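Asker: Before anything else, here's the structure in question.
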């Protein structure tokens, strides 16, 4: 049988698909046509092994040359005819099995390597955890020896900063009464006796007019919070304030000072002549005519004052109770704001500090008012010499009393107590009322501020025969 030639193979076309092409010596090819019409020929060789006819694939043209295909056939033929006679198909299967075994071995080795790497990562993580635990234990031991002053610094940085005033009042109280006694003492060494000594020191400054009970309780509460915070963080094992009860310090006497209308008239007369800065005088007038808190007044921004709508908004971050509040301005109040705007309107704040970089200290006006009510006390060094300029017949008063006075005057003018509470921005204890009655008070609140402003205008004009309002 004639052998195939390359030219004959190259002459094959699509029409030859499936055609069998003998090449001699029991080898033949089958014509294949791919989807892209490329022609190829798969060659197979028939042989007998163990009385069975078998057929093994030899190669594909043109992937292999015709000569290479024939040489592969001859190699298979030599295996069959050799003394040790080997079956080409069995040989190919054995080769494939060897490849599979090698692949499986490689896979097992890779899996073993991954497991080793995983175990190493876990071991490294465990070692890192042990090292971290050791560092934390060392750090905890070091922190346990924090001094009270160092503990306060940590507390102020991580917790007190969240308060509205950033903990400025707490720092002031601690500088005055806590640090001088136990500031350098290790926090874990503080005992009840140390806390009691601080409270006793505050009580030692008490007078008949100022028993200092509120200050003792406030300082105790702040110390309790600081040591409680340290206890939560494992800086301490016990809170040294835990066994001291506020009730043992005495009953807190709430201030009830309300200026009478006669005193308000006298205050109007004294304020221009008492030596206060004009801005401080206006702060008191704004507080009296709006029933606002002195701290909220002194931190106010001009951006929150709307002269066209005649409103002053106190945002939540300034309001003491964290609840935004809008005040309707009476004619009296508007005049105070307008006078103040001519003085400080070029700054963002109604009452800027001397550097014009921030609001004035919230305590400044209270101190200035106190300096002008020394009564029988000696004049303080480097403070105002007008030591009696703001003394009134009813006794010592502070700016917060003007807020109480404004509220009292509203009630005397016939404003309902619920409306006055809204004007004061007190938090309504009843949740349903807080939600559903929020808007219903807007009109009566505006009317309450209008009535207050008109009454203050009357009193400011120094009336001779005006009928004074009686307490409600």
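What follows draws every value from the coordinates through simple rules; no lab data is involved. These figures come from a predicted structure and were not determined experimentally. Every residue, glycine as well, gets a Cβ built from its backbone with ideal geometry; the counts of neighbours run over all protein chains shown.
Asker: Residues in the range 1-40 that are in contact with a helix residue (DSSP H, G or I) (Cβ under 6 Å, 6 or more places away or on another chain) and surrounded by 15 or more Cβ atoms within 10 Å (Cβ to Cβ): how many? Quick ask: steps written out before the conclusion?
Answerer: At the first step, the residues of the range 1-40 found to be in contact with a helix residue (DSSP H, G or I) (Cβ under 6 Å, 6 or more places away or on another chain) are 6, 27, 31, 33, 37.
Narrowing further to those that are surrounded by 15 or more Cβ atoms within 10 Å (Cβ to Cβ): 27, 31, 33.
Qualifying residue count, the range 1-40: 3.
Asker: May I pose another question? Can you find a residue that is more than 30 Å from residue 186 (Cα to Cα), surrounded by 10 or more Cβ atoms within 10 Å (Cβ to Cβ) and without any contact (Cβ under 8 Å) to a residue 60 or more places away in the chain anywhere in the range 128-143?
Answerer: Yes, that holds for at least one residue.
Asker: I need a count of the residues in the range 77-114 that are out of contact with any strand residue (DSSP E or B) (no Cβ under 6 Å at 6 or more places or on another chain) and touching a residue at least 24 places away in the same chain (Cβ under 8 Å).
Answerer: Qualifying residue count for the region: 3.
Asker: Of all residues in the range 165-185 being out of contact with any strand residue (DSSP E or B) (no Cβ under 6 Å at 6 or more places or on another chain) and outside any helix (DSSP H, G or I), which is surrounded by the most Cβ atoms within 10 Å (Cβ to Cβ)? If you could, list the steps in order and put the result at the bottom.
Answerer: Step one: of the range 165-185, the residues out of contact with any strand residue (DSSP E or B) (no Cβ under 6 Å at 6 or more places or on another chain) are 165-183, 185.
Right, trim to outside any helix (DSSP H, G or I) and you get 165-167, 183, 185.
Working: 165: 13, 166: 12, 167: 19, 183: 15, 185: 15.
Restricting to residues being out of contact with any strand residue (DSSP E or B) (no Cβ under 6 Å at 6 or more places or on another chain) and outside any helix (DSSP H, G or I), the top hit is 167.
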